[in-house]
1. Pull up the cross-link candidates among the aspartates and glutamates for Lys307, meaning alpha carbon to alpha carbon under 18 Å and not fewer than 8 places away within one chain.
2. Could you let me know the centre-to-centre spacing of region 285-318 and region 57-84, using Cα atoms, in angstrom?
3. Based on the mean of other Cβ atoms within 10 Å per residue, sort peptides 181-192, 280-291, 247-258 so the most packed one is first.
4. Once the other residues with Cβ under 10 Å from the Cβ of Gln83 are scored (Lys, Arg +1; Asp, Glu -1), what is the net sum?
5. If you average the alpha carbon positions of region 218-260 and of region 156-206, how far apart do those two centres end up, in angstrom?
6. Which of Leu213, Leu94, Leu129 moves most in a GNM of the chain, Cα contacts under 10 Å?
7. Where does the charge balance sit around Leu273 when Lys and Arg score +1, Asp and Glu -1, over other residues with C-beta under 13 Å from its C-beta?
8. Nothing charged except the Cβ atoms of Lys and Arg (+1) and of Asp and Glu (-1): what's the magnitude of the dipole of region 167-223 about its Cα centre? Round to the nearest 20 debye.
Amino acid sequence: MTSFQSVAVIGAGAWGTALATVAARAGRTVTLCARNTEHAGRIAASRENPRLPGVPLSHDIVVTSELALAARADVLLIATPAQHLRGAVNALGLHLTKPVPVIACAKGIEHGTHKFMTDVIAEAAPHSLPAILSGPSFADDVARSLPTAVTLAAKDEQIASALVQALGSPTFRPYHSTDVRGVEIGGAAKNVLAIAVGIAVGRKLGASAQAALTTRGFAELARFGRALGARSETLAGLSGLGDLILTCSSPQSRNFALGLALGRGEAPPAGKLAEGESTAPVLIELASSQNIEMPVSEAVAAILSGKSTIDAAISGLLTRPFKAEE
Ligand SMILES: NC(=O)C1=CN([C@@H]2O[C@H](COP(=O)(O)OP(=O)(O)OC[C@H]3O[C@@H](n4cnc5c(N)ncnc54)[C@H](OP(=O)(O)O)[C@@H]3O)[C@@H](O)[C@H]2O)C=CC1
Ligand SMILES: O=C(CO)COP(=O)(O)O
């Protein structure tokens, strides 16, 4: 018997809708909260979200745009894009009457403040219990009940474990952790690295280059994570290496797809959120402020900002001095 019976998901995009489905499958009472009344009305009427086409929404899920209604739940999941998480939690905080777990489901780092998602939650809703959910999980796979495993971290192990009990099912297996920082670093950094690997694939650099770039990407993700206090096991777990493998190998990833288009010299897919685009500049600012070398992420940031061409960035990476593997 879980202590968390009701769940509300804030943000009715692809991921929020998939997570609402997950919570319903786990037997929770679920509210899905869209920011826009019209959008909520359309999903409620059609029982399908255009951002997750072809996946029928269970009739048990209440769809609303009223934050006050959502705020009554025992657990809140925030599934907006990372740069909108503070605004969403600020608005939600006005309606919170008890110290409930607020789980960040976005993958990114806040611009300007350089804050990770749970730090943003702690600031915007000081009486909440921040947590993070991240790992290899495409919304479409999750919503279609294909088997998925993720990591769910909170500072308090009992809370993390209770949240896993509340959301887990045979086809959605969350593993609990107290390494909040490790989990959020993996989710944020892998998106930037997936753009790099997408570019290499788009440039037809070959399967060996794809494997090498993914591995060297992991080396810099792990270097960054360890310097910021993350545990090595977390970085090599679902939310780090696991999600990196997924997003660096599949065009189903919007970040990989963005890289692929850039590498081919095509226009990026329109209207698709690729979080790595906004994470890249803030990730390298943070890394440079801590003297952490992240050459692959730096190359991605330079290409996205127009400071480097793709060919110059590739050549820059390939002509770095030889060194010991670490
Ligand atoms: N899609 C996936 O497979 C996965 C995504 N994620 C992460 O989840 C996050 C969201 O991605 P995803 O759902 O795919 O993106 P989508 O583009 O599908 O949807 C984003 C949603 O957030 C809503 N939104 C934006 N700002 C606010 C706000 N202030 N309050 C409430 N809602 C808001 C948008 O509303 P509107 O419709 O009104 O614009 C939109 O519905 C990202 O950080 C992503 O990395 C994590 C794992 C898997
Ligand atoms: O985070 C994801 C899978 O774990 C989704 O990846 P994209 O945002 O690149 O589509």
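1. Filter leaves Glu277, Glu285, Glu298.
2. Centre-to-centre (Cα) distance: 37 Å.
3. On the way: 181-192: 29.8, 280-291: 17.6, 247-258: 21.6.
Packing order, densest peptide first, comes out as 181-192, 247-258, 280-291.
4. Numbers: positive: Arg86; negative: Glu110, Glu275.
It works out to a net charge of -1.
5. 8
6. The residue with the greatest mean-square fluctuation here is Leu94.
7. Values: positive: Arg51, Lys107, Arg254, Lys272; negative: Glu275, Glu277.
Around Leu273, the surrounding residues sum to +2.
8. On the way: 7 positive and 3 negative charges, 43 e Å.
So the magnitude is around 200 debye.
Each value in this text was obtained by applying a stated rule to the coordinates, not by laboratory testing. Predicted, not measured: the structure shown is a model, and the values here were computed from it. No Cβ is skipped: glycine too gets one built from the backbone with ideal geometry, and neighbour counts run over all protein chains shown.
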